[in-house]
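Visitor: Below you will find the structure I want to go over with you.
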Amino acid sequence: MAVLVTGGAGYIGSHTCAKLLNCGKEIIVVDNFNNSKPKVLEIIKELTGRDFKFYEADICDKTALNRIFEENGITEVVHFAGYKAVAESVRKPLMYYRNNVYGTSVLLEVMSDYNCKKLVFSSSATVYGIPERVPVTEDFPLSAINPYGRTKLIVEKMCADLHDSDNDWNITLLRYFNPVGAHESGKLGEDPNGIPNNLMPIILQAAAGKIPQLSVCGNDYPTPDGTCIRDYIHVEDLAAGHIAALEHMKDGVQVYNLGTGRGYSVLEMIETFKRVNGVSVPYEIAGRRPGDAAECWSDPSKAGRELGWEAESGIEKMCVDAWRFASRTSQFPTIK
Ligand code: NAD
Ligand code: WQD
């Protein structure tokens, strides 16, 4: 009776592993450290006082996955492993299709072979493309505006097809909005192997003096201050969403938005970060980034009704926790 966590050494996976262990679950973790570090596993053990089995393996490697299922009584899978950088997916689409789509299909095949048919999958608000209005509900039209988004959309469809072919599958697709923040201990957080692309890691770099300034991508959007509005969600709330999803697993393919239901602009995030942490965040106003929606924030009420889950933390805590983690580590590479 163990939960397999793919990508469990990563940002969202590590927080979820810690919560699963704290809830008394037995977990097995598989990761290839493509975008994470082995020390994260030790930190999870230290924070929870619990041990777990780990396999360093690629989910595209069917032999390795077979072995993991052979050696463990896995009843559910929480599937985080994948690539997530939008711009990189435009440059290297095949790499994204292989890891995110092919990797998931290998995982599903092995799960099927071992009669393990309960899956929680990391989808993304990116499947809404550029939403026509806000807040975004789960029944909005889906589209992809970049290869990364397309991989998420394809996996969502693959899951639906799989369930159509075999009704024994219980699949929950969690569409995350913008995950930020870190574990309250300051020991787990977002620690990417490379140059970050998302707003919060870039704010952290600017605050730490690792980059001269942050570029705000456009201030001429039809929003109150002209900058884009997003639904930032604390990674600990997101992790709790996975526990709720596992506890409320039901027949069919279920889809939930995981967001706070509140949107904040880029300038509001920067100003809040400065205020709560007492640091400066140098920035300049730059041009728009292609493919950005003016506003994207969720209606998370379905998850509230059906999973009994709602986000608890506000952006102040997200900013404080993110900075605590970044200040403890010197992991951020300097951009030249
Ligand atoms: P992350 O890169 O920190 O974690 C992913 C983990 O998976 C890493 O530890 C990486 O080493 C591992 N991994 C990647 N490919 C693998 C493979 N083939 N085999 C084994 N391990 C592999 O990313 P994250 O932010 O924790 O995201 C987790 C999931 O959530 C991803 O699927 C991502 O697309 C999705 N998601 C993330 C965000 C976000 O903004 N962080 C938003 C929406 C959805
Ligand atoms: C947030 C806001 C930028 C960088 C992406 C993916 C989405 C999901 C979450 C995985 C935007 C602005 C950013 C910068 C800026 N990931 N910004 N200067 O684009 O909402 O979503 O991450 O699934 O799929 O698309 O997040 O953090 O990149 O940007 O002004 O240097 O910050 O324009 O308005 P985004 P983000």
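Visitor: Kindly evaluate I130 against the criterion of being within 15 Å of ligand 2 (Cβ to nearest atom), open to solvent by 30 Å² or more (accessible area, probe 1.4 Å) and without any contact (Cβ under 8 Å) to a residue 60 or more places away in the chain. Outline the logic, then answer.
Guide: Numbers: within 15 Å of ligand 2 (Cβ to nearest atom): yes; open to solvent by 30 Å² or more (accessible area, probe 1.4 Å): yes; without any contact (Cβ under 8 Å) to a residue 60 or more places away in the chain: no.
The answer is no for I130.
Visitor: Could you check the stretch 164-188 and list, in sequence order, the residues that are within 16 Å of ligand 2 (Cβ to nearest atom) and not small (G, A, S)? Lay out the reasoning, then the answer.
Guide: Residues of the stretch 164-188 that are within 16 Å of ligand 2 (Cβ to nearest atom), as a first pass: 173-182.
The answer is L173, L174, R175, Y176, F177, N178, P179, V180.
Visitor: In the stretch 187-222, what residues are within 16 Å of ligand 1 (Cβ to nearest atom), assigned to a loop (DSSP other than H, G, I, E, B) and over 18 Å from F177 (Cα atoms)?
Guide: K187, L188, D191, P192, N193, G194, I195
Results for (1) among the charged types (D, E, K, R); (2) on the phi > 0 side of the Ramachandran plot; (3) not in a loop (DSSP other than H, G, I, E, B), shown as yes or no for each residue.
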| site | (1), (2), (3) |
| --- | --- |
| I12 | no, no, yes |
| K45 | yes, no, yes |
| R50 | yes, no, no |
| D58 | yes, no, no |
| V77 | no, no, yes |
| A81 | no, no, no |
| E88 | yes, no, yes |
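Visitor: Still on this structure, I have one more. Being among the β-branched types (V, I, T) and more than 15 Å from ligand 1 (Cβ to nearest atom) is the filter; apply it to the stretch 1-51 and report the residue that is nearest to V78 (Cα to Cα). Full working, then the answer.
Guide: Just the residues of the stretch 1-51 that are among the β-branched types (V, I, T), to begin with: 3, 5-6, 12, 16, 27-30, 40, 43-44, 48.
Going one step further and asking which of them are more than 15 Å from ligand 1 (Cβ to nearest atom), we end up with 3, 48.
Numbers: V3: 7, T48: 19 Å.
Residue satisfying both the conditions and the ranking: V3.
Visitor: Return yes when A18 is farther than 18 Å from A240 by Cα, of a type outside the set (S, T, Y) and touching a residue at least 40 places away in the same chain (Cβ under 8 Å) and no when it is not. Walk me through it before giving the result.
Guide: Details: farther than 18 Å from A240 by Cα: no; of a type outside the set (S, T, Y): yes; touching a residue at least 40 places away in the same chain (Cβ under 8 Å): yes.
No, not satisfied.
Visitor: If I filter the stretch 85-104 down to residues being of a type in the set (S, T, Y) and open to solvent by less than 30 Å² (accessible area, probe 1.4 Å), which single residue comes out as farthest from P290 (Cα to Cα)? Please lay out each step first, then the result.
Guide: First pass over the stretch 85-104, keeping only residues of a type in the set (S, T, Y): 89, 96-97, 102, 104.
Then keep just the ones that are open to solvent by less than 30 Å² (accessible area, probe 1.4 Å); that gives 89, 96, 104.
Values: S89: 14, Y96: 20, T104: 28 Å.
Filtering first and then ranking leaves T104.
Visitor: Looking at the stretch 171-186, which of its residues are crowded, with 20+ Cβ neighbours inside 10 Å and either part of a helix (DSSP H, G or I) or charged (D, E, K, R) (or both)? Walk me through it before giving the result.
Guide: Taking the stretch 171-186 and keeping what is crowded, with 20+ Cβ neighbours inside 10 Å, we get 171-183.
Result: R175, single match.
Visitor: Restricting the stretch 268-309 to residues that are part of a loop (DSSP other than H, G, I, E, B), more than 16 Å from ligand 1 (Cβ to nearest atom) and without any contact (Cβ under 8 Å) to a residue 60 or more places away in the chain, which is surrounded by the most Cβ atoms within 10 Å (Cβ to Cβ)?
Guide: As a first pass, look at the stretch 268-309 and keep what is part of a loop (DSSP other than H, G, I, E, B): 278-282, 287-294, 297, 299-300, 308-309.
Of the ones still in play, those that are also more than 16 Å from ligand 1 (Cβ to nearest atom) are 278-282, 287-288, 290, 294, 299, 308-309.
Then drop every residue that is not without any contact (Cβ under 8 Å) to a residue 60 or more places away in the chain, which leaves 278, 290.
Numbers: G278: 7, P290: 10.
Per the criteria, the residue is P290.
Visitor: Can I ask one more? Does K117 satisfy the condition of being of a type in the set (K, R), surrounded by 19 or more Cβ atoms within 10 Å (Cβ to Cβ) and in contact with a strand residue (DSSP E or B) (Cβ under 7 Å, 6 or more places away or on another chain)?
Guide: yes
Visitor: Right, next: Filter the stretch 67-84 down to the residues that are open to solvent by 20 Å² or more (accessible area, probe 1.4 Å) and within 16 Å of ligand 2 (Cβ to nearest atom), then identify the one that is nearest to A57 (Cα to Cα).
Guide: So, considering only residues that are open to solvent by 20 Å² or more (accessible area, probe 1.4 Å) and within 16 Å of ligand 2 (Cβ to nearest atom), the one nearest to A57 (Cα to Cα) is A81.
The values are calculated or read from the model by the stated rules, or taken from the named source; none is laboratory data. Because the structure is a prediction, the values reported are computed rather than measured. Note: ideal-geometry Cβ built from the backbone for every residue, glycine included; neighbour counts use all protein chains shown. Ligands, DNA and RNA are excluded from the accessible area calculation, which covers all protein heavy atoms including side chains. Shrake-Rupley method; radii C 1.70, N 1.55, O 1.52, S 1.80 Å.
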